[in-house]
Structure formats: C-alpha cells, structure tokens
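Following: one structure in structure tokens, then a few remarks.
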Amino acid sequence: MTLHHEDVQRAARAVADATALIITAGAGMGVDSGLPDFRGDEGFWKEYPPMKTLGLSFAAMANPVWFRGDPTLAWGFYGHRMMRYRRTVPHPGFAMLQRWAAGTEHGAFIMTSNVDGQFQRAGFPAERLHEVHGSIHHLQCFADCGAGIWDGSNDNVTVDPASFRATPPLPRCPACGGLARPNVLMFGDSGWDDTRSAAQEARLDTWLQVLRTRGARPVVVECGAGTAIPTVRAFSERVARALGGTLMRINPRESAVPRATSRWRLARWPALWRWIRCFPPSDPEALRGTAGMGHRRWVRPGGFLVSTRGPCHAAGRTGTGA
Ligand SMILES: [Zn+2]
C-alpha cells in the first residue's frame with residue numbers, strides 16, 4: 001500500500017483549510033491503544049478463549065439474553081471490557097485530532113460506534129460526542145424499572161481470568177435493586193435505552209445545521225470504520241455529501257470510497273496517519289506538537305496507524321500501511 005506525496009499534500013491542505021472537523025470512528029480507532037477490534041471469530045476468541053469453548057461468537061455474546069439467562073457470563077464479558085477501557089490510555093492520534101480541531105473555527109464533533117469512551121478519556125468534550133451504540137461506562141436497569149441511565153464509573157466488576165465470569169456482586173439498579181446492564185446497543189436488543197444517545201444525536205444535528213447555515217468547510221476524518229456494520233461509513237459519506245466537505249477515510253483494509261462528484265471532494269488515502277505529522281498547521285503550538293511526534297514509534301507496523309520514521313518529507317516516498 002503506497003501513499004502518494006500529492007495525496008499527502010492534498011490531505012494537509014484540506015485540513016488546513018477546514019473550518020470544522022467531523023470525526024467519525026469505528027473499532028479500528030482503538031487498535032493502536034491496544035484494544036481489540038474483535039475482527040472475525042478467531043480475533044474475538046483470542047481475547048476471550050472461554051467463548052471459543054462455548055462456541056460463542058462476538059455477535060452471540062453481545063446479546064441481552066445472557067443478562068437474563070446467565071448474568072455472570074454476561075457481566076464477565078461486559079465487565080471485563082468496561083474495566084479494560086477504563087485503564088486504557090488513548091493513543092496519540094487522539095491528541096493530534098484535538099490539535100487539528102483547536103485550529104478550526106467551529107471545532108470538532110465526534111460520531112462513533114465505539115462504546116469504549118476513549119474520546120472522552122482523551123479529553124474531547126462530552127457535549128461534542130455522539131455514541132451511536134451507547135457507552136459501556138453508563139448503565140441502565142435490565143428490568144427497565146424507570147431508573148434511567150446512570151454513570152457506571154463507581155461500579156466495579158471483578159472477572160475470573162480463567163472462566164471470564166464475573167464474580168458477584170454484579171452491578172445493581174440503584175432504584176429497584178435489580179440487575180443492571182451496560183447502556184450499550186447489543187444484537188437483538190429491544191431493551192436498550194437510547195435516551196442519552198438520542199440527546200447526543202440532537203446536539204450533533206444542531207451543530208451540523210450551524211455548519212450549513214454558516215457555509216463551513218468541514219473535513220470528515222473517518223478512522224477505522226469497517227463495512228461489516230456500515231453505520232459510521234454511511235454517516236461519513238452522507239454528511240460529506242450534504243455539506244460539500246472532504247472525506248478522509250483512514251482504513252488499512254477497507255479504504256474504498258464512492259465515486260467523487262463535483263461537490264463532493266473525496267480522498268482515497270489509505271493508512272493516512274503517516275501524513276499527520278506533515279500537516280503544516282497555522283498554529284505554531286500545533287506545529288511544535290506534531291513535530292515532536294516524528295520521533296515516537298507509537299504506532300504498530302501493520303496496524304491501523306502507520307509506523308513513522310525519519311523526516312516528514314519522506315512520508316510520500318515510502319509507504320507500508322497495512
Ligand atoms: Zn431498576
């Protein structure tokens with residue numbers, strides 16, 4: 001996979017000219033923070049070996065039926081993830097996006113299918129975030145007693161590392177004392193309380209309307225969103241088309257973009273993070289920050305982000321990507 005120098009320059013110009021940043025992200029965004037993207041059954045079972053023994057795929061496990069039929073298994077899976085995401089330090093790509101956003105008139109808004117809370121951990125403001133599938137760090141009553149959604153940061157779950165089952169006591173509803181569940185949209189999930197996510201979406205819609213009325217020049221930076229569940233990709237394309245913005249699809253495996261139209265300037269820059277430190281920002285503070293990144297090997301070879309070495313101008317001539 002090769003990155004062409006012109007693409008790097010075009011990408012840098014697009015971000016430099018942008019007056020708003022629309023950041024969209026799927027599971028690939030977390031890979032360089034050391035988080036699994038649960039790609040394929042084998043990828044899932046590598047992280048959760050007991051599920052292989054039980055013959056359970058990710059989709060089978062991510063189902064509310066387990067909270068009714070086998071709560072310690074359900075909370076073993078979600079509790080393990082919740083505690084892991086809490087401990088995870090977001091990779092430096094998050095800080096880079098923040099610096100870009102700080103240089104734009106309208107700032108950034110994030111739309112993500114990830115439930116891991118990594119954008120908040122990285123310091124993005126909660127009011128500029130739409131978590132389309134909810135958040136594992138928020139809980140709701142499994143019996144839907146009317147308690148609503150609460151912050152689960154005080155709920156701790158201990159998981160047996162051999163069986164991946166949670167050790168009681170399990171998180172409980174503060175109102176009725178019944179079993180709690182994460183406020184995450186699961187497969188076959190009719191009980192998900194979408195109140196919080198819907199409020200986030202309303203804020204996003206309002207912000208997009210502001211961009212439209214003020215003639216903003218947005219760039220949509222899409223990070224690690226796959227085709228298996230295309231919610232994020234579809235949103236990226238729709239919003240780029242609607243606002244006449246540039247879409248940057250950063251994805252080492254699935255970087256194809258729809259055909260460009262005159263109003264819709266699309267980029268096909270796979271594994272694009274390589275050029276991030278080559279971006280010539282107008283903000284001197286941002287420039288210092290990105291220059292410093294050039295000497296850090298914070299990315300995994302073959303992973304979502306591309307390993308970087310040497311001076312910026314080399315970015316276009318060498319390319320490894322995925
Ligand atoms: Zn309750």
Cβ pairs under 8 Å, 6+ apart or interchain, first in the range 185-209 and over 16 Å from residue 137 (Cβ atoms), second among the acidic types (Asp, Glu) and part of a helix (DSSP H, G or I), ordered by first then second residue, are 203/127
As an exercise: evaluate residue 114 against (1) in contact (Cβ under 8 Å) with a residue 60 or more places away in the chain; (2) within 16 Å of the ligand (Cβ to nearest atom) and give the number of the one condition it does not meet. (2)
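Report whether or not residue 3 is at pLDDT 90 or above, more than 21 Å from the chain's Cα centre (by Cα) and part of a loop (DSSP other than H, G, I, E, B).
Numbers: at pLDDT 90 or above: no; more than 21 Å from the chain's Cα centre (by Cα): yes; part of a loop (DSSP other than H, G, I, E, B): yes.
No, not satisfied.
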Scan of the range 119-168 for residues that are surrounded by 20 or more Cβ atoms within 10 Å (Cβ to Cβ), assigned to a strand (DSSP E or B), more than 16 Å from the ligand (Cβ to nearest atom) and not hydrophobic (A, V, I, L, M, F, W, C), ordered by number: 130, 131, 134, 135, 137
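Among the candidates 253, 241, 274, 263, which residue alone is under 21 Å from residue 12 (Cα atoms) and modelled with pLDDT of 55 or more?
Numbers: 253 fails: under 21 Å from residue 12 (Cα atoms); 274 fails: modelled with pLDDT of 55 or more; 263 fails: modelled with pLDDT of 55 or more.
Answer to the check: 241.
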Output for the range 171-183, where each listed residue is part of a loop (DSSP other than H, G, I, E, B) and crowded, with 20+ Cβ neighbours inside 10 Å: 171, 173
Subset of the range 177-201 [over 13 Å from residue 152 (Cβ atoms) and touching a Ser or Thr at 6+ places or on another chain (Cβ under 9 Å)]: 185, 197
Please go through (1) surrounded by fewer than 17 Cβ atoms within 10 Å (Cβ to Cβ); (2) without any contact (Cβ under 8 Å) to a residue 60 or more places away in the chain for residue 45 and return the number of the only condition it doesn't satisfy. (1)
Residue within the range 56-70 that is basic (Lys, Arg) and farther than 20 Å from residue 168 by Cβ present: no
Do any helices (runs of 4 or more DSSP H) entirely within the range 11-113 hold 3 or more residues that are in contact with a Lys or Arg (Cβ under 7 Å, 6 or more places away or on another chain), of a type in the set (S, T, N, Q) and not assigned by TED's automatic domain parsing to the domain that holds residue 165, and if so, which? none
Identify all residues within the range 137-169 that are under 14 Å from residue 77 (Cβ atoms) and either free of Cβ contacts under 8 Å to residues at least 40 places away in the same chain or assigned by TED's automatic domain parsing to the domain that holds residue 24 (or both); write none if there are none. 161
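The values are calculated or read from the model by the stated rules, or taken from the named source; none is laboratory data. Nothing here was measured: the structure is a model prediction, and the numbers come from that model. Using ideal geometry, Cβ is built from the backbone for each residue, glycine included, and neighbour counts are taken over all protein chains shown.
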